[in-house]
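What follows is one structure encoded as structure tokens, with my remarks underneath.
The values are calculated or read from the model by the stated rules, or taken from the named source; none is laboratory data. Please read all numbers here as calculations on a predicted model, not as lab measurements. Cβ atoms come from the backbone with ideal geometry, glycine included; neighbour counts cover every protein chain shown. Surface areas here come from the heavy atoms of the whole protein model, side chains and all, with no ligands, DNA or RNA. Shrake-Rupley method; radii C 1.70, N 1.55, O 1.52, S 1.80 Å.
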Amino acid sequence: TDRKKLHTAPVGQVFRLRPFHVLVATGGGYAGYRKYEDYKLEQLEKRGIEVPVKLASEWEVALYKSVPTRLLSRAWGRLNQVELPTWLRKPVYSLYIWTFGVNMKEAAVEDLHHYRNLSEFFRRKLKPQARPVCCLHSVISPSDGKILNFGQVKNCEVEQVKGVTYSLESFLGPRICTAELHFSQAPPGNSFQQQLVTKEGNELYHCVIYLAPGDYHCFHSPTDWRVSHRRHFPGSLMSVNPGVARWIKELFCHNERVVLTGDWKHGFFSLTAVGATNVGSIRIYFDQDLHTNSPCYSKGSYNDFSFVSNNNKEGIPMRKGEHLGEFNLGSTIVLIFEAPKDFKFHLKAGQKIRFGEALGSL
């Protein structure tokens, strides 16, 4: 008589699929399919076969964005911080090294048992002489990676890869107060691109560098410049590998990113760190107030922070090669800067580059 009644639900209610579950399953499956397609494209490129550009439709982009990449990236970040038993470290890191071709001979600490978790291993430092900084050229590579695209900015559009562009204004956001950047006031009727160019006879240039998972994950100052402003765009965390960049137009405008803006001896200069899947954490060493992939920020917005104040009129001075920040896996760096018309890049699209090597000079 003291037994409680057991209430059962119909089988249909127990196994009822919710819309969220359908979106996650469908979006995740489609993302896996895209990964396979990217692999096939990479194999064709290695054989020297030119791959035609095929852009994703709106529904494909919406389906990809339905995958909760921000939540998954936060979970991945916490998993990476779990301390591994000493006996497990070498097998785990060795598998990663083999998969992504990591060169541990360049690491400041080669002993795999030294790294307590995956996060420490991803952010490993290099030996002091592993990346000599080129002194002969005015702009160097801020990181290891692959050159996706470079050249002059034309018609307020920037190429993320050959044949696929994005809007300069959408990427950088509205123009920052000129008083902060020590720039002269541009006529209001000019285009966004013309407003960024502060000196007559100069042009606007760009360079896109993709960091693979096996690359050195820190990035450095590409030249001598002053950082006056930081703009943080919360957003999606879609993959930024070359295959996806070729597939999704304005991919970098969809993803979370941190835009550092300032000036160098030739005028406007900016460095943008773009987040990606499992790379929700972007760290800028001198900016302790920056918190990326945080649930308190909503997509479609941005927040600004000025490094110029009454006590600091010049912002943050950065020397060429100085440590600037780090990713937690691999992502993309985009440089957009002003320079005279005789500025020349010393690059080839698709080439591998290392931090400290020349990007270009006058």
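Things to note:
- Built amide H within the under 5 Å cut-off of residue 292, gap 5+: 282
- Here region 57-131 exposes an accessible surface that is 61 percent carbon and sulfur, computed with a 1.4 Å probe and the other protein chains kept in place.
- Highest-first packing order for the peptide set 103-114, 73-84 is 73-84, 103-114, based on the mean count of other beta carbon atoms within 10 Å.
- Ranked by how many other beta carbons lie within 10 Å on average, peptides 115-122, 230-237 from highest: 230-237, 115-122
- Between residue 239 and 277, the built amide H atoms are under 5 Å apart, and every one of these is 5 or more places off in sequence or on another chain.
- Between residue 81 and residue 97, the simple label model (points 7 Å from Cα in the Cβ direction) yields a spacing of 2.7 nm.
- Ranked packing of 133-141, 195-203, 211-219, most packed first, by mean Cβ within 10 Å: 211-219, 133-141, 195-203
- Expressed as a whole percent, the accessible area of region 241-294 that falls on carbon and sulfur atoms is 44 (1.4 Å probe).
- Residue list for region 242-277, given a label point 7 angstrom along the Cα-to-Cβ vector of residue 126 and an amide N cut-off under 19 Å: 272-274
- Solvent-accessible heavy-atom area per residue, rounded to whole Å², over region 130-278 at 1.4 Å: 30
- Under 19 Å from the residue 342 label point (7 Å along Cα→beta-carbon), backbone N, region 129-147: 136-139
- Extension gain (nm, one decimal) between residue 113 and residue 289, 0.36 nm per residue minus Cα-Cα: 60.1 nm
- For the residue pairs 154/199; 54/162; 313/341, alpha carbon separations beyond 21 Å are given by 313/341.
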